[in-house]
Amino acid sequence: MLREVTHVEALGGTRLRLSFHTGERGEVDIAQMVSFTGVFEPLSDAAYFARVRVEPDLSTIVWPNGADLCPDVLYAAAMGLPIPGSQFGLKTAS
């Protein structure tokens, strides 16, 4: 089931507060989900990280360089559920 991110708020550091189309809300620490290399490298800069926004056409969050994350992965992390794809080498919260 595709979850839709409807609102994002940068909380400082690499933490985000997310709202979903279901009305559910939660917080995620992006550093627990990705390595800041490649397309995610600019996110290691706090000012750049804070430029996150919701892209309605993708139903997820995106940064100015096009970096984005799957809304289902964000939902799982925000709700404390197993992260889809973690068996394929994605970072998971410990």
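The values are calculated or read from the model by the stated rules, or taken from the named source; none is laboratory data. Given the structure is predicted, the values throughout are model-derived calculations rather than measurements. Here Cβ is always computed from backbone atoms with ideal geometry, including for glycine, and neighbour counts include all displayed protein chains.
Checking the condition under 16 Å from C70 (Cα atoms), among the hydrophobic types (A, V, I, L, M, F, W, C) and more than 13 Å from the chain's Cα centre (by Cα), which residue from V39, V28, V54, V34 passes? Step through it out loud before you land on a result.
Working: V28 fails: more than 13 Å from the chain's Cα centre (by Cα); V54 fails: more than 13 Å from the chain's Cα centre (by Cα); V34 fails: more than 13 Å from the chain's Cα centre (by Cα).
Going through V39, V28, V54, V34 in turn, the sole match is V39.
What are the residues in region 33-68 that are assigned to a loop (DSSP other than H, G, I, E, B), in contact (Cβ under 8 Å) with a residue 12 or more places away in the chain and under 15 Å from S19 (Cβ atoms), if any?
Those that are assigned to a loop (DSSP other than H, G, I, E, B), in contact (Cβ under 8 Å) with a residue 12 or more places away in the chain and under 15 Å from S19 (Cβ atoms): V52, S59.
For R3, indicate whether it is crowded, with 17+ Cβ neighbours inside 10 Å and in a loop (DSSP other than H, G, I, E, B). It would help to see each step written out before you state the result.
Working: crowded, with 17+ Cβ neighbours inside 10 Å: yes; in a loop (DSSP other than H, G, I, E, B): yes.
So R3 passes the test.
In region 32-58, what count of residues is obtained for those that are closer than 15 Å to A76 by Cα and crowded, with 16+ Cβ neighbours inside 10 Å?
Residues flagged as closer than 15 Å to A76 by Cα and crowded, with 16+ Cβ neighbours inside 10 Å within region 32-58 amount to 2.
Do you know which residues across region 47-94 are at pLDDT below 90 and not hydrophobic (A, V, I, L, M, F, W, C)?
Just the residues of region 47-94 that are at pLDDT below 90, to begin with: 82-94.
Hits for region 47-94 are P82, P84, G85, S86, Q87, G89, K91, T92, S94.
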